[in-house]
Amino acid sequence: MKNSQKVSKLAELQNSTMEKQLNTLQEDALESLKKINNLEKLKELEVEYLGRKGKLTEILRGLKDVPAEQKPLAGQLSNKVKTIISDAIEAKKQEIERIDVEKSLNEGFFDTTAPSTSSQIGTIHPVFETLTEVENIFSQMGFTIADGPEIESEYYNFTALNIPDDHPARDMQDTFFVEQTQHPEHGHQVLRTQTSPVQIRAMKEHGAPLRLIAPGRVFRNEATDASHDSTFHQVEGLLIDKDISIAHLKGVLEQFLTRLFDKKVSVRFRPGYFPFVEPGFEVDFSCLICEGKGCRVCKHLGWVEFMGAGMVHPNVLKAGEIDSEKYQGWAFGFGLTRLVMMRYKIPDIRLLTSGDLRFLKQF
Ligand code: DAH
(Lines give C-alpha, C1' and ligand atoms only; values in the text may rest on other atoms or scores of the structure.)
Protein backbone atom coordinates (compact mmCIF):
# COMPACT_ATOMS: atom_id res chain seq x y z
CA MET A 1 0.00 0.00 0.00
CA LYS A 2 1.28 3.42 -0.93
CA ASN A 3 1.94 5.91 1.80
CA SER A 4 -0.85 8.28 0.74
CA GLN A 5 -3.35 5.41 0.65
CA LYS A 6 -2.31 4.43 4.13
CA VAL A 7 -2.91 7.93 5.40
CA SER A 8 -6.40 8.15 3.90
CA LYS A 9 -7.37 4.69 5.19
CA LEU A 10 -6.22 5.74 8.63
CA ALA A 11 -8.24 8.94 8.31
CA GLU A 12 -11.39 7.03 7.41
CA LEU A 13 -10.84 4.72 10.30
CA GLN A 14 -10.31 7.50 12.78
CA ASN A 15 -13.20 9.50 11.46
CA SER A 16 -15.59 6.61 11.51
CA THR A 17 -14.49 5.69 15.04
CA MET A 18 -15.22 9.22 16.12
CA GLU A 19 -18.54 9.16 14.28
CA LYS A 20 -19.50 5.95 16.04
CA GLN A 21 -18.46 7.33 19.40
CA LEU A 22 -20.49 10.50 18.85
CA ASN A 23 -23.57 8.57 17.74
CA THR A 24 -23.34 6.25 20.74
CA LEU A 25 -22.90 9.24 23.01
CA GLN A 26 -26.02 10.83 21.61
CA GLU A 27 -28.07 7.65 21.97
CA ASP A 28 -26.84 7.10 25.56
CA ALA A 29 -27.56 10.67 26.56
CA LEU A 30 -31.08 10.63 25.13
CA GLU A 31 -31.77 7.26 26.71
CA SER A 32 -30.57 8.36 30.17
CA LEU A 33 -32.56 11.55 29.83
CA LYS A 34 -35.79 9.56 29.60
CA LYS A 35 -35.33 8.29 33.16
CA ILE A 36 -34.68 11.67 34.72
CA ASN A 37 -37.43 13.34 36.71
CA ASN A 38 -35.83 16.09 38.75
CA LEU A 39 -33.69 19.12 38.08
CA GLU A 40 -30.76 17.98 40.22
CA LYS A 41 -30.33 14.75 38.30
CA LEU A 42 -30.76 16.70 35.08
CA LYS A 43 -27.89 19.02 35.97
CA GLU A 44 -25.72 15.98 36.79
CA LEU A 45 -26.51 14.49 33.41
CA GLU A 46 -25.65 17.74 31.68
CA VAL A 47 -22.27 17.86 33.41
CA GLU A 48 -21.66 14.20 32.69
CA TYR A 49 -22.21 14.60 28.94
CA LEU A 50 -21.53 18.21 28.07
CA GLY A 51 -19.44 19.49 30.98
CA ARG A 52 -15.87 20.65 30.64
CA LYS A 53 -14.60 17.25 31.71
CA GLY A 54 -17.60 15.41 30.28
CA LYS A 55 -17.94 12.61 27.80
CA LEU A 56 -18.21 14.84 24.74
CA THR A 57 -14.98 16.64 25.63
CA GLU A 58 -13.37 13.25 26.10
CA ILE A 59 -14.31 12.20 22.56
CA LEU A 60 -13.25 15.55 21.13
CA ARG A 61 -9.75 14.99 22.45
CA GLY A 62 -9.41 12.45 19.64
CA LEU A 63 -10.01 15.26 17.14
CA LYS A 64 -6.34 16.15 17.16
CA ASP A 65 -5.52 12.79 15.57
CA VAL A 66 -8.05 13.26 12.77
CA PRO A 67 -6.27 14.48 9.61
CA ALA A 68 -6.83 18.12 8.69
CA GLU A 69 -9.15 17.50 5.72
CA GLN A 70 -11.48 15.39 7.86
CA LYS A 71 -11.60 17.83 10.76
CA PRO A 72 -14.40 20.10 9.50
CA LEU A 73 -16.74 17.12 9.09
CA ALA A 74 -15.90 15.68 12.46
CA GLY A 75 -16.33 19.15 13.98
CA GLN A 76 -19.72 19.59 12.34
CA LEU A 77 -20.93 16.25 13.59
CA SER A 78 -19.83 16.95 17.14
CA ASN A 79 -21.59 20.34 17.07
CA LYS A 80 -24.74 18.66 15.84
CA VAL A 81 -24.62 16.05 18.59
CA LYS A 82 -23.99 18.74 21.18
CA THR A 83 -27.00 20.77 19.99
CA ILE A 84 -29.27 17.71 19.97
CA ILE A 85 -28.29 16.79 23.51
CA SER A 86 -28.53 20.32 24.90
CA ASP A 87 -31.91 20.92 23.20
CA ALA A 88 -33.21 17.68 24.68
CA ILE A 89 -31.94 18.74 28.13
CA GLU A 90 -33.67 22.12 27.81
CA ALA A 91 -36.92 20.44 26.76
CA LYS A 92 -36.68 18.07 29.72
CA LYS A 93 -36.03 21.00 32.04
CA GLN A 94 -39.19 22.74 30.91
CA GLU A 95 -41.17 19.54 31.26
CA ILE A 96 -39.96 18.98 34.85
CA GLU A 97 -40.70 22.58 35.78
CA ARG A 98 -44.19 22.34 34.35
CA ILE A 99 -44.86 19.15 36.27
CA ASP A 100 -43.58 20.81 39.47
CA VAL A 101 -45.95 23.73 39.04
CA GLU A 102 -48.88 21.45 38.31
CA LYS A 103 -48.05 19.39 41.40
CA SER A 104 -48.01 22.37 43.71
CA LEU A 105 -51.24 23.63 42.20
CA ASN A 106 -52.85 20.25 42.86
CA GLU A 107 -51.56 20.30 46.40
CA GLY A 108 -53.49 23.50 46.87
CA PHE A 109 -50.54 25.85 47.31
CA PHE A 110 -48.90 27.91 44.67
CA ASP A 111 -46.67 30.77 45.67
CA THR A 112 -47.47 33.41 43.11
CA THR A 113 -44.78 35.70 44.54
CA ALA A 114 -41.93 33.25 44.00
CA PRO A 115 -39.54 34.20 41.21
CA SER A 116 -40.19 32.40 37.98
CA THR A 117 -38.22 29.20 37.58
CA SER A 118 -37.40 29.61 33.98
CA SER A 119 -37.11 32.90 32.26
CA GLN A 120 -35.67 33.46 28.88
CA ILE A 121 -34.36 36.98 28.78
CA GLY A 122 -34.48 38.50 25.34
CA THR A 123 -31.76 40.63 23.82
CA ILE A 124 -31.96 43.90 21.98
CA HIS A 125 -32.02 43.53 18.21
CA PRO A 126 -28.85 44.95 16.61
CA VAL A 127 -30.87 47.27 14.34
CA PHE A 128 -32.78 48.67 17.29
CA GLU A 129 -29.61 48.99 19.34
CA THR A 130 -27.84 51.00 16.64
CA LEU A 131 -30.97 53.03 15.96
CA THR A 132 -31.14 54.05 19.62
CA GLU A 133 -27.54 55.25 19.43
CA VAL A 134 -28.17 57.12 16.18
CA GLU A 135 -31.18 58.83 17.78
CA ASN A 136 -29.18 59.76 20.88
CA ILE A 137 -26.35 61.33 18.89
CA PHE A 138 -28.66 63.37 16.65
CA SER A 139 -30.86 64.40 19.61
CA GLN A 140 -27.78 65.78 21.32
CA MET A 141 -27.09 67.85 18.20
CA GLY A 142 -30.57 69.37 18.45
CA PHE A 143 -32.42 67.14 15.96
CA THR A 144 -35.93 65.90 16.75
CA ILE A 145 -37.07 62.40 15.83
CA ALA A 146 -39.92 62.38 13.31
CA ASP A 147 -42.16 59.57 12.18
CA GLY A 148 -44.37 58.82 9.19
CA PRO A 149 -46.65 56.03 7.94
CA GLU A 150 -45.23 52.88 6.36
CA ILE A 151 -48.23 52.72 4.03
CA GLU A 152 -47.83 55.95 2.10
CA SER A 153 -49.57 57.58 -0.81
CA GLU A 154 -47.89 57.80 -4.20
CA TYR A 155 -48.10 61.56 -3.75
CA TYR A 156 -45.90 61.71 -0.63
CA ASN A 157 -43.61 58.89 -1.68
CA PHE A 158 -42.96 60.26 -5.17
CA THR A 159 -44.83 63.29 -6.50
CA ALA A 160 -44.20 65.71 -3.63
CA LEU A 161 -40.54 64.71 -3.79
CA ASN A 162 -40.27 66.08 -7.31
CA ILE A 163 -40.47 62.64 -8.93
CA PRO A 164 -42.92 63.06 -11.86
CA ASP A 165 -45.42 60.33 -12.82
CA ASP A 166 -43.37 58.92 -15.67
CA HIS A 167 -40.00 59.27 -13.98
CA PRO A 168 -37.86 56.11 -14.01
CA ALA A 169 -37.14 56.63 -10.32
CA ARG A 170 -40.51 55.01 -9.68
CA ASP A 171 -39.19 51.85 -11.34
CA MET A 172 -35.75 52.26 -9.82
CA GLN A 173 -37.21 51.59 -6.40
CA ASP A 174 -39.50 48.71 -7.31
CA THR A 175 -42.62 49.49 -5.40
CA PHE A 176 -45.18 47.35 -3.57
CA PHE A 177 -48.57 48.76 -4.46
CA VAL A 178 -51.27 48.17 -1.86
CA GLU A 179 -54.41 47.03 -3.62
CA GLN A 180 -56.86 49.80 -3.01
CA THR A 181 -58.83 52.39 -4.79
CA GLN A 182 -56.95 55.36 -6.05
CA HIS A 183 -57.23 58.68 -4.25
CA PRO A 184 -58.00 61.48 -6.75
CA GLU A 185 -55.03 63.61 -5.68
CA HIS A 186 -52.76 61.28 -3.74
CA GLY A 187 -52.83 58.30 -6.10
CA HIS A 188 -52.41 54.71 -5.00
CA GLN A 189 -51.37 53.54 -1.59
CA VAL A 190 -47.85 52.06 -1.61
CA LEU A 191 -45.47 50.62 0.96
CA ARG A 192 -43.03 53.50 1.24
CA THR A 193 -39.83 52.83 -0.67
CA GLN A 194 -37.88 55.47 1.25
CA THR A 195 -38.13 57.58 4.39
CA SER A 196 -37.99 60.79 2.33
CA PRO A 197 -41.82 61.35 2.37
CA VAL A 198 -41.48 62.19 6.08
CA GLN A 199 -39.65 65.36 4.93
CA ILE A 200 -42.85 66.66 3.31
CA ARG A 201 -45.11 65.64 6.18
CA ALA A 202 -42.82 67.32 8.74
CA MET A 203 -42.46 70.54 6.70
CA LYS A 204 -46.23 70.81 6.35
CA GLU A 205 -46.84 70.09 10.01
CA HIS A 206 -44.12 72.20 11.64
CA GLY A 207 -42.92 74.72 9.05
CA ALA A 208 -39.40 76.24 9.11
CA PRO A 209 -36.92 76.18 10.77
CA LEU A 210 -36.64 72.43 11.05
CA ARG A 211 -34.00 70.00 12.22
CA LEU A 212 -35.01 66.34 12.29
CA ILE A 213 -34.16 62.76 11.56
CA ALA A 214 -36.81 60.26 10.49
CA PRO A 215 -35.79 56.64 10.92
CA GLY A 216 -38.00 53.79 9.82
CA ARG A 217 -38.73 50.72 7.76
CA VAL A 218 -38.91 50.89 3.98
CA PHE A 219 -39.95 48.27 1.45
CA ARG A 220 -38.83 47.34 -2.02
CA ASN A 221 -40.15 44.72 -4.35
CA GLU A 222 -36.88 43.12 -5.36
CA ALA A 223 -35.18 39.75 -5.35
CA THR A 224 -33.38 39.08 -2.08
CA ASP A 225 -29.76 38.05 -1.69
CA ALA A 226 -27.04 38.50 0.92
CA SER A 227 -27.11 42.27 0.52
CA HIS A 228 -30.73 42.96 -0.55
CA ASP A 229 -33.93 42.40 1.37
CA SER A 230 -37.48 43.55 0.68
CA THR A 231 -37.64 45.22 4.09
CA PHE A 232 -34.88 47.32 5.61
CA HIS A 233 -34.31 50.44 7.69
CA GLN A 234 -33.32 53.91 6.56
CA VAL A 235 -32.64 57.15 8.40
CA GLU A 236 -33.70 60.40 6.76
CA GLY A 237 -32.23 63.73 7.85
CA LEU A 238 -33.54 67.22 7.19
CA LEU A 239 -32.33 70.64 8.22
CA ILE A 240 -34.13 73.78 7.05
CA ASP A 241 -33.11 77.25 8.20
CA LYS A 242 -31.62 80.50 6.95
CA ASP A 243 -28.06 80.52 5.53
CA ILE A 244 -27.62 76.77 5.50
CA SER A 245 -24.91 75.17 3.39
CA ILE A 246 -23.40 71.75 2.69
CA ALA A 247 -20.54 72.70 5.04
CA HIS A 248 -23.02 72.23 7.92
CA LEU A 249 -23.92 68.80 6.59
CA LYS A 250 -20.27 67.77 6.44
CA GLY A 251 -19.74 68.88 10.04
CA VAL A 252 -22.86 67.13 11.31
CA LEU A 253 -22.03 63.86 9.50
CA GLU A 254 -18.42 63.72 10.64
CA GLN A 255 -19.49 64.40 14.21
CA PHE A 256 -22.21 61.74 13.96
CA LEU A 257 -19.98 59.00 12.49
CA THR A 258 -17.06 59.76 14.77
CA ARG A 259 -19.31 59.35 17.78
CA LEU A 260 -21.08 56.26 16.47
CA PHE A 261 -17.89 54.39 15.64
CA ASP A 262 -15.88 55.93 18.46
CA LYS A 263 -13.01 56.87 16.14
CA LYS A 264 -12.20 59.77 13.84
CA VAL A 265 -14.18 59.37 10.61
CA SER A 266 -14.18 61.77 7.66
CA VAL A 267 -16.67 62.09 4.82
CA ARG A 268 -16.37 63.07 1.18
CA PHE A 269 -18.97 64.20 -1.35
CA ARG A 270 -19.28 63.10 -4.96
CA PRO A 271 -21.89 64.42 -7.41
CA GLY A 272 -25.03 62.27 -7.41
CA TYR A 273 -28.56 62.52 -8.76
CA PHE A 274 -31.73 62.41 -6.66
CA PRO A 275 -34.79 64.31 -7.95
CA PHE A 276 -35.56 65.86 -4.55
CA VAL A 277 -32.23 67.68 -4.15
CA GLU A 278 -30.18 70.10 -6.23
CA PRO A 279 -27.23 69.81 -6.19
CA GLY A 280 -27.25 66.16 -5.13
CA PHE A 281 -24.41 64.11 -3.67
CA GLU A 282 -23.27 60.62 -2.95
CA VAL A 283 -21.55 60.66 0.41
CA ASP A 284 -18.77 58.24 1.40
CA PHE A 285 -16.95 57.85 4.72
CA SER A 286 -13.34 56.91 5.29
CA CYS A 287 -12.93 53.14 5.70
CA LEU A 288 -13.02 52.18 9.36
CA ILE A 289 -10.74 49.22 8.87
CA CYS A 290 -7.80 50.79 7.00
CA GLU A 291 -8.54 54.44 7.82
CA GLY A 292 -8.45 55.44 4.17
CA LYS A 293 -5.34 53.54 3.10
CA GLY A 294 -7.23 50.90 1.12
CA CYS A 295 -8.15 47.34 2.12
CA ARG A 296 -10.42 44.46 1.12
CA VAL A 297 -13.44 45.83 2.97
CA CYS A 298 -13.41 49.13 1.03
CA LYS A 299 -12.32 47.37 -2.17
CA HIS A 300 -9.02 49.27 -1.94
CA LEU A 301 -10.75 52.62 -2.34
CA GLY A 302 -10.19 53.86 1.20
CA TRP A 303 -13.84 55.00 1.23
CA VAL A 304 -17.15 53.27 1.87
CA GLU A 305 -20.40 54.34 0.15
CA PHE A 306 -22.71 55.70 2.79
CA MET A 307 -25.69 57.71 1.58
CA GLY A 308 -27.43 60.17 -0.70
CA ALA A 309 -27.81 63.85 0.19
CA GLY A 310 -28.15 67.33 -1.22
CA MET A 311 -29.69 70.77 -0.97
CA VAL A 312 -33.48 70.40 -0.80
CA HIS A 313 -35.02 71.17 -4.20
CA PRO A 314 -37.25 74.31 -4.29
CA ASN A 315 -40.15 72.16 -5.59
CA VAL A 316 -39.88 70.00 -2.49
CA LEU A 317 -39.90 73.05 -0.22
CA LYS A 318 -42.97 74.23 -2.11
CA ALA A 319 -44.74 70.88 -1.60
CA GLY A 320 -43.84 71.25 2.08
CA GLU A 321 -45.37 74.76 2.09
CA ILE A 322 -42.06 76.45 2.92
CA ASP A 323 -40.96 79.72 1.27
CA SER A 324 -37.88 78.80 -0.74
CA GLU A 325 -36.90 82.47 -1.06
CA LYS A 326 -36.48 82.73 2.69
CA TYR A 327 -35.33 79.28 3.69
CA GLN A 328 -33.09 76.57 2.36
CA GLY A 329 -31.58 73.40 3.74
CA TRP A 330 -30.21 69.97 3.13
CA ALA A 331 -31.51 66.44 3.37
CA PHE A 332 -29.90 63.06 3.51
CA GLY A 333 -30.93 59.42 3.61
CA PHE A 334 -28.83 56.44 4.61
CA GLY A 335 -29.41 52.73 5.02
CA LEU A 336 -29.35 51.99 8.71
CA THR A 337 -29.35 48.28 7.96
CA ARG A 338 -26.08 48.53 6.01
CA LEU A 339 -24.51 50.50 8.82
CA VAL A 340 -25.53 47.79 11.29
CA MET A 341 -24.08 45.10 9.02
CA MET A 342 -20.77 46.97 8.86
CA ARG A 343 -20.74 47.65 12.57
CA TYR A 344 -21.25 44.03 13.58
CA LYS A 345 -19.68 42.44 10.48
CA ILE A 346 -22.95 40.68 9.58
CA PRO A 347 -22.43 38.90 6.25
CA ASP A 348 -26.07 38.39 5.18
CA ILE A 349 -28.83 41.01 5.47
CA ARG A 350 -31.52 38.32 5.68
CA LEU A 351 -30.25 37.22 9.09
CA LEU A 352 -31.61 40.44 10.54
CA THR A 353 -35.23 39.60 9.78
CA SER A 354 -34.95 35.82 10.03
CA GLY A 355 -35.97 35.60 13.70
CA ASP A 356 -33.29 32.92 14.10
CA LEU A 357 -32.46 32.74 17.80
CA ARG A 358 -28.98 31.35 17.17
CA PHE A 359 -28.21 34.63 15.43
CA LEU A 360 -30.16 36.96 17.72
CA LYS A 361 -28.76 35.56 20.96
CA GLN A 362 -25.30 36.78 19.99
CA PHE A 363 -26.29 40.39 20.69
N1 DAH B 1 -34.34 58.40 -0.58
C2 DAH B 1 -33.09 58.04 -1.22
C3 DAH B 1 -33.07 56.53 -1.44
O4 DAH B 1 -33.80 55.80 -0.83
C5 DAH B 1 -31.93 58.45 -0.34
C6 DAH B 1 -31.75 59.91 -0.28
C7 DAH B 1 -30.93 60.53 -1.20
C8 DAH B 1 -32.42 60.68 0.69
C9 DAH B 1 -30.75 61.91 -1.18
C10 DAH B 1 -32.25 62.06 0.73
C11 DAH B 1 -31.41 62.67 -0.22
O12 DAH B 1 -32.86 62.84 1.61
O13 DAH B 1 -31.24 64.00 -0.15
O14 DAH B 1 -32.31 56.07 -2.26
Please find, within region 278-302, the residue that is least open to solvent (accessible area, probe 1.4 Å) out of those that are within 16 Å of the ligand (Cβ to nearest atom) and of a type in the set (D, E, K, R).
D284
Lone qualifier among K64, K55 - being modelled with pLDDT under 85 and either assigned by TED's automatic domain parsing to the domain that holds S86 or more than 30 Å from E95 (Cα to Cα) (or both)
K64
Those residues of region 251-266 which are more than 22 Å from the chain's Cα centre (by Cα) and either within 14 Å of the ligand (Cβ to nearest atom) or small (G, A, S) (or both), in sequence order
G251, V252, S266
Taking region 211-230 and keeping only residues that are more than 13 Å from the ligand (Cβ to nearest atom) and of a type in the set (A, V, I, L, M, F, W, C), one is left with A223, A226
Has region 231-244 got at least one residue that is more than 14 Å from the ligand (Cβ to nearest atom) and either among the hydroxyl-bearing types (S, T, Y) or under 22 Å from E152 (Cα atoms) (or both)?
no
Within region 342-356, restricting to residues that are of a type outside the set (S, T, Y) and in contact (Cβ under 8 Å) with a residue 40 or more places away in the chain, the one that is nearest to the ligand (Cβ to nearest atom) is I349
Return yes when W330 is in the same structural domain as Q194 (by TED's automatic domain parsing) and within 18 Å of L212 (Cβ to Cβ) and no when it is not.
yes
If only one of K92, K103 is open to solvent by 50 Å² or more (accessible area, probe 1.4 Å), in a helix (DSSP H, G or I) and either over 30 Å from L339 (Cα atoms) or touching a His at 6+ places or on another chain (Cβ under 6 Å) (or both), which one is it?
K103
Count - residues of region 311-351 that are open to solvent by less than 50 Å² (accessible area, probe 1.4 Å) and closer than 27 Å to E291 by Cβ
13
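The values are calculated or read from the model by the stated rules, or taken from the named source; none is laboratory data. These figures come from a predicted structure and were not determined experimentally. Note: ideal-geometry Cβ built from the backbone for every residue, glycine included; neighbour counts use all protein chains shown. Side chains included, ligands, DNA and RNA excluded: accessible areas come from the protein's heavy atoms. Shrake-Rupley method; radii C 1.70, N 1.55, O 1.52, S 1.80 Å.
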